[in-house]
Amino acid sequence: MNKYFRMTTMAYLMFLSAVLGMILYAGIVVTSVTFNTHLYVGAELLTQFQEGQVMIENFLRLSYVVNALIEAVVLYEGYKFKKFERDTVTKVATFFVLATGLLFAQYYIPDIIAMQEQGEVMTQSVAFLNTHKGSEINSKIFAVALIVLIVQNMRKACK
């Protein structure tokens, strides 16, 4: 591997790892703090609907980074695939990263925003709850696929 491509690989791995950290932080820390503001402020200042509006803004901004990640994965993994340097596990992980990343950024986030714009009653509907649960499951699959992709690329880079 030449010097410039090795640096590109390191930058790619750092970007994948940073996005993984963002996803985990948003899902674990930001959600628990946002939906429990009364514990930190000492009073009920926000309704659950308002907390959801704050939360979706966080995830909307995260979706911009996920879109950039999708572009980076397509370019890097596409190049490595074209050079016949990809194994089955990496291809499957790449597929799941792309599929779940696109679902997160292009389906779940816009759908949840559209439902929130319809008002608080809509966010208590079965459709909203199912969409929200689907987005949670999707994010977990995305994180696991991203971990596999990072590990596979690190294994190959460290040979």
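The values are calculated or read from the model by the stated rules, or taken from the named source; none is laboratory data. Please read all numbers here as calculations on a predicted model, not as lab measurements. Because the Cβ atoms are built from the backbone with ideal geometry, glycine has one as well, and the counts that use them run over all protein chains shown.
Residues that are more than 18 Å from Met10 (Cα to Cα), free of Cβ contacts under 8 Å to residues at least 60 places away in the same chain and not small (Gly, Ala, Ser) do not occur anywhere in region 146-159.
Candidates in region 105-128 are the residues that are part of a helix (DSSP H, G or I) and of a type in the set (Gly, Ala, Ser); of these, the one that is nearest to Gly52 (Cα to Cα) is Ala114.
Just a yes or no: is a residue in region 82-95 touching a Leu at 6+ places or on another chain (Cβ under 8 Å), more than 16 Å from Ala143 (Cβ to Cβ) and either exposed (fewer than 13 other Cβ atoms within 10 Å of the Cβ) or of a type outside the set (A, V, I, L, M, F, W, C) (or both)? Can you show your working first?
Step one: filter region 82-95 for residues touching a Leu at 6+ places or on another chain (Cβ under 8 Å), giving 90, 93-94.
In the following step, the residues that additionally are more than 16 Å from Ala143 (Cβ to Cβ) were identified as 90.
If we keep only those that are either exposed (fewer than 13 other Cβ atoms within 10 Å of the Cβ) or of a type outside the set (A, V, I, L, M, F, W, C) (or both) as well, we get 90.
The answer is yes, given that some residue of region 82-95 is touching a Leu at 6+ places or on another chain (Cβ under 8 Å), more than 16 Å from Ala143 (Cβ to Cβ) and either exposed (fewer than 13 other Cβ atoms within 10 Å of the Cβ) or of a type outside the set (A, V, I, L, M, F, W, C) (or both).
Just one of the listed residues (Val74, Val33) is among the aliphatic types (A, V, I, L, M), at pLDDT 95 or above, surrounded by fewer than 16 Cβ atoms within 10 Å (Cβ to Cβ) and part of a helix (DSSP H, G or I), namely Val74. The set of residues in region 105-123 that are within 15 Å of Thr47 (Cα to Cα) and either surrounded by 12 or more Cβ atoms within 10 Å (Cβ to Cβ) or β-branched (Val, Ile, Thr) (or both) comprises Gln116, Glu120, Val121, Met122, Thr123.
Any residue in region 11-18 that is within 18 Å of Lys140 (Cβ to Cβ) and out of contact with any Lys or Arg (no Cβ under 7 Å at 6 or more places or on another chain)? Reasoning before the result, please.
Kept after step one, since they are within 18 Å of Lys140 (Cβ to Cβ), are these residues of region 11-18: 16-17.
Applying the additional criterion that residues be out of contact with any Lys or Arg (no Cβ under 7 Å at 6 or more places or on another chain) yields 16-17.
Yes, the conditions are met somewhere in region 11-18.
Looking at (1) modelled with pLDDT of 95 or more; (2) surrounded by 13 or more Cβ atoms within 10 Å (Cβ to Cβ); (3) under 16 Å from Lys140 (Cα atoms), which is the one condition that is false for Ala26? Just one mismatch for Ala26, condition (1).
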